[in-house]
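Since the structure comes first, as structure tokens, the remarks are kept for the end.
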Amino acid sequence: MKPSRNGFALAGLAAMLCVVAACSNGPDSATQGGNGRVQFVMSATAAAPAAPATSSVLHDGPPAGRELQAANVTFASILARNLDGELIDVTVALPVTVDLLGVVSGGAFTLPAGFLPPGTYDQVVIVMTKVALTLADGTVVTIEPPGGGWTAVIPVTEPFTVVEGQTTEVTIKFSVRRLLRWLDGKWDFHPEFECEGGHRGGGNDH
């Protein structure tokens, strides 16, 4: 007996659902095996000003129209150093561009979840490859990075521990006044961050 058209349709639908399931589960299952999940959160320090649209937010000096409205920074990679002194790449979906002035007003920005081998880490290294500033008059100014990008080496005040099958949240803090400075008639970028440590969340939702 020949298969019916409905039989072909159901078989095709089943195959398509299997492909969708494989695509949705594949990446995390491939990256988290034996690793712990790490959630990096960008946050402005308490000293950062609350309203990022005027020159008084950062430093007196920019002429009218040159004040900042947005500061988009592209984060290209993150590494963490364990207590054996090894720098390990965080498996994470980067690059991601973050408006750091938006973080000042919005409170925080959570980067995509990453994965690290279990262990204790006392340093975070962040590589940034692009900074694009939007000025009050709508002009977009791009600051060219040195070499392959800016590298921020961030000591961790309280080393954080990554545990297999669990999530560790690590907050990276910055002061917008220290990051962006009006010098010699132009905006300058200084990648200065700090990290106090991390705290453990629940199990991985995968």
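Since every read-out is calculated from the coordinates, none of them should be taken as a lab result. Just so it is clear, the model here is predicted, and its values are computed rather than measured. Cβ sites come from the backbone with ideal geometry, for glycine too, and all protein chains shown count toward neighbours.
Scan segment 166-186 and give yes if some residue there is within 23 Å of residue 45 (Cα to Cα) and surrounded by fewer than 14 Cβ atoms within 10 Å (Cβ to Cβ), otherwise no. For segment 166-186, residues within 23 Å of residue 45 (Cα to Cα) and surrounded by fewer than 14 Cβ atoms within 10 Å (Cβ to Cβ): present.
For segment 89-106, the criterion of being surrounded by fewer than 13 Cβ atoms within 10 Å (Cβ to Cβ), in a strand (DSSP E or B) and among the β-branched types (Val, Ile, Thr) is met by none of the residues.
Quick check: anything in segment 145-156 touching a residue at least 40 places away in the same chain (Cβ under 8 Å) and exposed (fewer than 13 other Cβ atoms within 10 Å of the Cβ)?
Just the residues of segment 145-156 that are touching a residue at least 40 places away in the same chain (Cβ under 8 Å), to begin with: 149-152, 154-156.
If we keep only those that are exposed (fewer than 13 other Cβ atoms within 10 Å of the Cβ) as well, we get 155.
Yes - at least one qualifying residue is present in segment 145-156.
Taken together, the residues in segment 96-114 that are touching a residue at least 24 places away in the same chain (Cβ under 8 Å) and within 13 Å of the chain's Cα centre (by Cα) amount to 11.
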